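Contents: one structure, followed by commentary.
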Amino acid sequence: MTLQNADVHVWSGQEAEDASGAALLAQEKAGRRRKRGQIIASRLLVLVAILGAWEISSRTFVDPFAASMPSLIFDRFLEWLTDGFLLGNLAVTLMESVVGFAIGAVIGISLGLALSFNDAASKVCAPYINALYALPKVTLGPLFVIWFGIAIKMKIVMAAVFVVFLIFYNTWSGARDVDQGLVDSLRLMNANKREIARKVVLPSALVWVFNGLRVSFPLALMGATIGEIIASKRGIGFIVTDSAAQFDTTGVFTAIFTLMFVAVAVDRIIVLTQAHALKWDEASSAL
């Protein structure tokens with residue numbers, strides 16, 4: 001009877017320990033949610049303060065012709081959104097950016113992985129890749145106009161060029177930044193190159209690749225917009241140049257803020273995709 005009572009006492013203690021752990025976990029989650037809410041509120045407060053100061057200064061001592069004001073920008077945004085002018089041009093810029101981003105990502109990831117598995121080729125190609133990476137991409141715009149004309153193809157190539165080198169370097173660095181001990185352990189277990197790549201190299205490169213993708217999409221937008229500014233009759237870059245030619249500061253700011261909003265939205269999409277991809281990779285690596 002005493003032994004049975006002791007068993008019951010031990011089990012009750014385990015239950016109490018589990019309940020205490022669950023309570024601590026719930027408190028940690030609540031604390032993280034509260035902290036995240038505070039950060040979001042602080043960001044909104046900063047945004048409201050900046051826009052409020054801008055609006056007040058433009059209505060008092062700053063010439064609105066040169067600086068415009070948030071209320072005018074918002075009205076212009078609604079006007080262009082309603083009549084379809086903004087969405088039509090934004091669709092062109094997004095198409096150029098997404099296609100160029102995809103092309104640059106495929107080339108960059110493929111080249112980064114290929115060179116990471118071949119040290120000799122990596123050393124031979126490194127000086128040329130560094131030279132091309134250091135080249136100011138904007139200077140290629142006039143050359144692309146000669147090669148591809150002023151059609152959409154030129155903006156896609158501009159976007160791809162802005163993206164490819166950054167993604168290549170991230171992929172190449174991630175694939176080489178592997179735990180050599182894990183590689184040696186797998187080799188001792190007679191793992192082939194394919195298994196080593198799947199279980200060690202690719203998981204190591206995945207985080208680097210997604211970080212490169214996050215940074216690269218704004219660059220794709222930049223490349224497409226610069227191409228439109230150089231020569232185009234459609235797109236957000238065209239809105240910028242056309243508004244500037246008419247001394248329409250409000251139009252220029254409306255186009256700029258539209259690009260900023262799109263870049264932030266796509267960044268959130270990539271972050272969510274990264275979270276799901278890394279969870280899937282952890283699950284598949286455990287198999």
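Brief remarks follow.
- Being part of a loop (DSSP other than H, G, I, E, B) and at pLDDT 90 or above is true of Phe247.
- Subset of region 125-151 (residues that are closer than 18 Å to Gly100 by Cα and either surrounded by 15 or more Cβ atoms within 10 Å (Cβ to Cβ) or in contact (Cβ under 8 Å) with a residue 24 or more places away in the chain (or both)): Leu132, Tyr133, Lys137, Val138, Leu140, Gly141, Pro142, Phe144, Val145, Phe148, Ile150
- Criterion (assigned by TED's automatic domain parsing to the domain that holds Tyr169, part of a helix (DSSP H, G or I), out of contact with any helix residue (DSSP H, G or I) (no Cβ under 6 Å at 6 or more places or on another chain) and modelled with pLDDT of 85 or more) met by exactly one of Ile129, Ile150, Ile156, Ile146: Ile146
- Selection status of Thr258, more than 18 Å from Ala91 (Cβ to Cβ), β-branched (Val, Ile, Thr), buried (at least 18 other Cβ atoms within 10 Å of the Cβ) and modelled with pLDDT of 90 or more: no
- Residue within region 261-271 that is in contact (Cβ under 8 Å) with a residue 60 or more places away in the chain, closer than 19 Å to Phe162 by Cβ and out of contact with any strand residue (DSSP E or B) (no Cβ under 8 Å at 6 or more places or on another chain) present: yes
- Flag for Val215 being at pLDDT 80 or above and either over 19 Å from Phe261 (Cβ atoms) or not charged (D, E, K, R) (or both): yes
- Residue within region 27-46 that is more than 30 Å from the chain's Cα centre (by Cα), at pLDDT below 90 and either within 25 Å of Ala265 (Cβ to Cβ) or surrounded by 10 or more Cβ atoms within 10 Å (Cβ to Cβ) (or both) present: yes
- Criterion: in the same structural domain as Ala220 (by TED's automatic domain parsing), under 28 Å from Glu228 (Cα atoms) and out of contact with any helix residue (DSSP H, G or I) (no Cβ under 7 Å at 6 or more places or on another chain) - qualifying residue of Ala91, Ala105: Ala91
The values are calculated or read from the model by the stated rules, or taken from the named source; none is laboratory data. Predicted model only: the values in this text are computed from it and were never measured. No Cβ is skipped: glycine too gets one built from the backbone with ideal geometry, and neighbour counts run over all protein chains shown.
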